[in-house]
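Chemist: Take this structure first; my questions come after.
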């Protein structure tokens with residue numbers, strides 16, 4: 001049984017005038033006036049395309065849409081009696097915009113032929129006018145609704161430049177990912193098909209993870225959010241595209257902020273690393289080896305998160321003596337929401353604090369790497385902290401330890417109980433007194 005409802009689809013028609021005109025198509029169809037219905041349907045489809053192209057010009061100053069209107073107007077002026085401009089409009093919309101694809105175009109051409117037969121006295125062998133049947137007209141209406149009328153205005157091939165210019169200009173308002181997501185879905189992503197969405201993702205990949213200039217640096221964060229939002233909407237299609245065009249996605253920077261953003265992205269979407277080719281993986285390994293921020297997040301290169309933890313602790317306590325930025329610490333803590341990583345990340349930060357080389361360094365490291373996370377410490381993380389902190393006089397002998405380590409002791413009382421035996425941790429306990 002055909003469950004398709006013309007009436008419900010009619011309510012989804014984007015343009016108000018189109019919806020008004022389309023009601024005449026439906027009235028003729030219901031009355032059995034199938035020739036009239038087909039003739040009007042073609043006119044409605046042509047008008048709707050004009051409305052959409054004009055919308056692009058008025059709202060976005062789209063030069064490609066403007067060129068389509070100019071060409072159509074020139075054809076009309078050259079021969080006011082000819083309707084050739086109608087077919088030319090459909091062809092230009094197919095070639096230069098994302099409003100209709102090849103299947104929509106073929107359906108419109110079929111409608112135009114049916115319209116021609118219905119509007120002109122083309123007699124059959126029985127000397128009767130062409131009269132399309134109910135099933136044919138219903139199919140034409142359905143294809144035109146789905147392929148053209150219910151679609152909102154979609155942008156031309158200039159969409160990417162318009163897209164990034166828009167979000168750059170709006171960055172003062174779009175201050176976090178959720179706000180940007182709502183904005184993009186309302187203004188762009190709900191109006192484009194998957195092919196246009198893929199084109200946006202590919203262009204953003206290059207802009208965020210490859211290009212280095214002043215403008216890119218200024219907008220890299222918001223462009224990254226946009227890339228991540230699109231990935232989360234269409235990740236299966238994007239993974240397929242990466243696997244089928246590995247050379248394109250291997251075109252990435254090997255240093256600088258583009259490289260840092262890439263590693264952050266892979267730490268959040270590690271399946272992408274699997275889909276990349278060996279050339280890209282070599283660049284990624286190089287980045288992680290030579291950049292502290294990236295090294296903290298490159299667990300996707302390791303056999304397990306336990307191995308990643310061990311490697312980071314080995315690096316932190318080595319002669320390399322790395323300094324972690326605030327963003328590194330935050331990213332490290334939030335790399336995974338698993339209980340296992342919650343403990344492992346705290347062991348890493350405990351080691352970072354415990355390798356402080358002087359009192360000032362210990363003050364800074366406790367403040368940045370420990371203090372804000374104490375409330376989440378469990379028994380194992382607490383005992384790990386006490387062991388490591390009491391093995392370095394720069395942590396337990398400093399003046400600030402009396403206050404800082406008391407915070408740890410208070411958490412110990414909550415988790416371990418006031419009767420806990422601190423005999424093994426007496427150096428730590430003395431630092432709180």
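Chemist: Assuming a ≥ b ≥ c are the square roots of the Cα gyration tensor eigenvalues, decide whether region 318-433 counts as rounded (a/c under 1.5), prolate (otherwise, with a/b larger than b/c) or oblate.
Modeler: It is oblate, given that a/c is not under 1.5 and a/b is not larger than b/c.
Chemist: On C-alpha positions alone, give me the angle between the axis of helix 278-290 and the longest principal axis of the chain, in degrees, nearest 10.
Modeler: Taking Cα atoms only, the helix is inclined about 40 degrees.
Chemist: Have a look at 395, 260, 240 and tell me which one the Gaussian network model of the chain (Cα, springs below 10 Å) gives the largest fluctuation.
Modeler: Sorting by GNM fluctuation, first place goes to 240.
Chemist: Which of the peptides 379-392, 280-293 is most tightly packed, and how do the rest follow, going by the mean number of other Cβ atoms within 10 Å of each residue?
Modeler: 379-392, 280-293
Chemist: What's the angle, to the nearest 10 degrees (0 to 90), between helix 305-316's Cα axis and the longest principal axis of the chain?
Modeler: Helix 305-316 and the main axis of the chain meet at about 50 degrees.
Chemist: Indicate the gyration tensor shape class of region 172-242 (rounded, prolate or oblate), computed on the Cα atoms with a ≥ b ≥ c the square roots of the eigenvalues: a/c under 1.5 is rounded; otherwise a/b larger than b/c is prolate and the rest oblate.
Modeler: Oblate, since a/c reaches 1.5 and b/c is not below a/b.
Chemist: Let me ask something else. Translational D (Stokes-Einstein, µm²/s) of region 213-357 at 20 °C and 1.002 mPa s when Rh comes from the Kirkwood sum over C-alpha pairs? Don't jump to the answer; show the numbers that get you there.
Modeler: Details: Rh = 16.2 Å.
It comes out at roughly 132 µm²/s.
Chemist: Of all the C-alpha pairs in the chain, what % are more than 42 Å from each other?
Modeler: 41 percent
Chemist: Provide the gained length on full extension for the span residue 173 to residue 215, in nm with one decimal, where the gain is 0.36 nm per separating residue minus the Cα-Cα distance.
Modeler: Working it through step by step, the gained length comes to 13.3 nm.
Chemist: Another question, then. Can you list the equivalent-ellipsoid semi-axes of region 38-94, largest first and in whole Å, using the square root of 5 times each Cα gyration tensor eigenvalue?
Modeler: That gives 19, 15, 8 Å for the three semi-axes.
Chemist: In which sequence would 38, 415 go, from the one with the fewest C-beta neighbours within 10 Å to the one with the most? Don't skip to the end; give the middle numbers.
Modeler: On the way: 38 28, 415 15.
Neighbour counts put them in this order, fewest first: 415, 38.
Chemist: Output the peptides 209-218, 418-427, 338-347, 48-57 sorted from most to least packed, where packing is the average of other Cβ atoms within 10 Å over each peptide's residues.
Modeler: Order by mean packing, descending: 48-57, 338-347, 209-218, 418-427.
Chemist: Please give the peptides 74-84, 142-152 ranked by average Cβ packing (other Cβ atoms within 10 Å per residue), highest first, as a rough proxy for protection.
Modeler: Most protected by this proxy first, the peptides run 142-152, 74-84.
Chemist: How high is the FRET efficiency from residue 30 to residue 243, r the C-beta distance, R0 51 Å, rounded to 0.05?
Modeler: Details: r = 50 Å, r/R0 = 0.97.
Given R0 = 51 Å and the Cβ-Cβ separation, E is 0.55.
Chemist: So, one more: Between 0 and 90 degrees, rounded to the nearest ten: what's the tilt of helix 194-209 against the longest Cα principal axis of the chain?
Modeler: Helix 194-209 sits roughly 40 degrees off the main axis of the chain.
Chemist: Hey, could you grab the Kirkwood Rh for region 41-190? Inverse mean 1/r over distinct alpha carbon pairs, Å, one decimal.
Modeler: Hydrodynamic radius (Kirkwood, Cα pairs) of region 41-190 is 17.5 Å.
Chemist: Under 17 Å from a point placed 7 Å out from the Cα of residue 364 along the Cα-to-Cβ direction: which residues of region 276-320 have their backbone N that close?
Modeler: Within reach of a label on residue 364, which here means backbone N under 17 Å from a point 7 Å along Cα→Cβ, region 276-320 contributes 292-293, 316-317, 320.
Chemist: Another question about this same structure. Given axes a ≥ b ≥ c from the Cα gyration tensor, I'd like to know whether region 1-122 is rounded (a/c under 1.5), prolate (a/b larger than b/c) or oblate.
Modeler: Values: a/c = 1.92, a/b = 1.34, b/c = 1.44.
Judged from the Cα gyration tensor, region 1-122 comes out oblate (a/c at least 1.5, b/c at or above a/b).
Chemist: How much FRET efficiency would the formula 1/(1 + (r/R0)^6) give for residue 278 and residue 378, where r is the Cβ-Cβ distance and R0 is 41 Å, rounded to 0.05?
Modeler: Working from the Cβ atoms, E equals 0.50.
Chemist: Just want the ordering: 4, 352, from fewest to most Cβ atoms lying within 10 Å of their own Cβ.
Modeler: Fewest-to-most ranking of 4, 352: 4, 352.
Chemist: What FRET efficiency, computed as 1/(1 + (r/R0)^6) with R0 = 30 Å and r the Cβ-Cβ distance, is obtained for residue 387 and residue 315, rounded to the nearest 0.05?
Modeler: 0.95
Chemist: May I pose another question? Kindly list the residues of region 372-406 that lie in the label zone of residue 420, defined by a backbone N under 11 Å from the point 7 Å along the Cα-to-C-beta vector.
Modeler: 377-387
We did not get these values from a lab; they are worked out from the coordinates using the rules stated. Quick caveat: nothing in here was measured; it's all calculated off a predicted structure. Quick reminder, even Gly has a Cβ in these numbers, built from the backbone with ideal geometry, and neighbours come from all protein chains shown.
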